[in-house]
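**Student:** Sending over a structure as C-alpha cells; questions will come in a sec.
Here, each number is a calculation from the coordinates, and none is a lab measurement. Fair warning: this is a prediction, and the values are worked out from it, not measured in the lab. When we count neighbours, we look across all protein chains shown, and the Cβ atoms used for this are built from the backbone with ideal geometry, even at glycine.
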Amino acid sequence: MPSLTVAILAGIAALAQARSAELGRHRLTNQEAGELAAGVIEAAALPGGPPPTLLLAVIEAESEYADRCSPTKCCGVTQMSKRTWCWMAGMAGVAKDRRSLRQQARLGGAYLHYLHDRRGTWRRSLLSYSTGPTAASYTAKVLRRWRYLNERIRHERERRV
C-alpha cells in the first residue's frame, strides 16, 4: 500500500476515533476506526465519490459512530435500511455483511455517490439520504459537521507545519 494512502487512512481513523470519543456515544477501538477509515477511503476512491469528511459527517449525524439499529430498523453507522443495503450491495458487487464497519462506510458512501449522480449536488444528495419531515434540519446538521471536520483537518495540518 503506498505510504500516502497509509497516512490518509491513519488520519481518517484517528479523526473518527477522536470524534467518537468527543461525542460520547461510542468510542471506536483502533480496529473499528481502521475498518471504518478503510471503507471511507474506498467510497471516496470511486470516480465522483463523496469527500471523506462528508461521509464522516453523515456517519456522525446518523449514528455518532455507534453500530446499532434504530427503531425504524435502519442499521449500522450509516443507518441504511435493509432494502437499501441489499440493493446497494448488489449494485456494488460486494458481500451483504451488515456487521462490517468497512462495508457500512463503503456502501453508505456508494449510496451518497449514487444520490449525487442523480441529484447533482451534495446538498440535494443529503436531502435524499434522509427523507421525511426532518430532512432539511438533517442536511443542515450534516453540512455543519462537514465544515467542522474540514476546519479541524485544516488546523491540524497548519499545526504540523
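**Student:** Apply 1/(1 + (r/R0)^6) to the Cβ-Cβ distance of residue 151 and residue 83, taking R0 = 35 Å, and write down the FRET efficiency to the nearest 0.05.
**Tutor:** 0.45
**Student:** Going by C-beta contacts inside 10 Å, put 155, 113, 26 in order with the fewest on the left.
**Tutor:** 155, 26, 113
**Student:** Just to confirm my understanding: which cysteines in the chain have no other cysteine beta carbon less than 4.7 Å from their beta carbon?
**Tutor:** Here 74, 86 come out as lacking a disulfide-compatible partner, given the Cβ-Cβ threshold of under 4.7 Å.
**Student:** Which residues' amide hydrogens lie under 5 Å from the amide hydrogen of residue 69, considering only partners 5 or more residues apart or on another chain, with H built in the peptide plane?
**Tutor:** Counting only residues 5 or more places away or on other chains, the set is 76.
**Student:** Follow-up question, since we're still on this one. Let me have the 222 nm mean residue ellipticity of the chain computed from DSSP H runs of 4+ only, each contributing -39500 (n - 2.57), with the sum over all residues rounded to the nearest 500.
**Tutor:** So the helix-based figure for the chain works out to -23000 deg cm²/dmol.
**Student:** Let me ask another. Could you give each residue of the stretch 141-146 its phi-based ³J(HN,Hα) in whole Hz, using Karplus coefficients 6.51, -1.76, 1.60 with θ = phi - 60°, and x for Gly or Pro?
**Tutor:** 3J(HN,Hα) across the stretch 141-146, in whole Hz: 4, 5, 5, 4, 5, 4.
**Student:** Give the calculated FRET efficiency between residue 26 and residue 128 to the nearest 0.05, with a Förster radius of 35 Å applied to their Cβ-Cβ distance.
**Tutor:** Once rounded, the FRET efficiency stands at 0.85.
**Student:** Using the 10 angstrom Cβ neighbour count as an exposure proxy, how do 74, 69 rank, fewest first?
**Tutor:** Lowest count first: 69, 74.
**Student:** Kindly give the semi-axes, whole Å and largest first, of the ellipsoid equivalent to the chain, taking each as the square root of 5 times a Cα gyration tensor eigenvalue. Please list the in-between numbers first.
**Tutor:** Working: eigenvalues 101, 63, 54 Å².
In descending order the semi-axes read 23, 18, 16 Å.
**Student:** Count neighbours as other Cβ atoms within 10 Å of each site's Cβ, and list the trypsin sites (Lys or Arg not before Pro) in the stretch 87-149 that are DSSP loop with at most 16 such neighbours.
**Tutor:** Passing sites in the stretch 87-149 are 96, 99.
**Student:** Quick check: the distance between the Cα centres of the stretch 36-64 and the stretch 113-161, to the nearest angstrom?
**Tutor:** If we compute the Cα centre of each part, the gap is 10 Å.
**Student:** Collect residues whose amide H, placed 1.01 Å from N in the peptide plane, falls under 5 Å from the amide H of residue 80; neighbours closer than 5 in sequence don't count.
**Tutor:** Long-range HN contacts for residue 80: 75.
**Student:** Would you look at the GNM of the chain, springs on alpha carbons closer than 10 Å, and say which of 72, 139, 84 moves the most?
**Tutor:** Judging by the Gaussian network model, the answer is 72.
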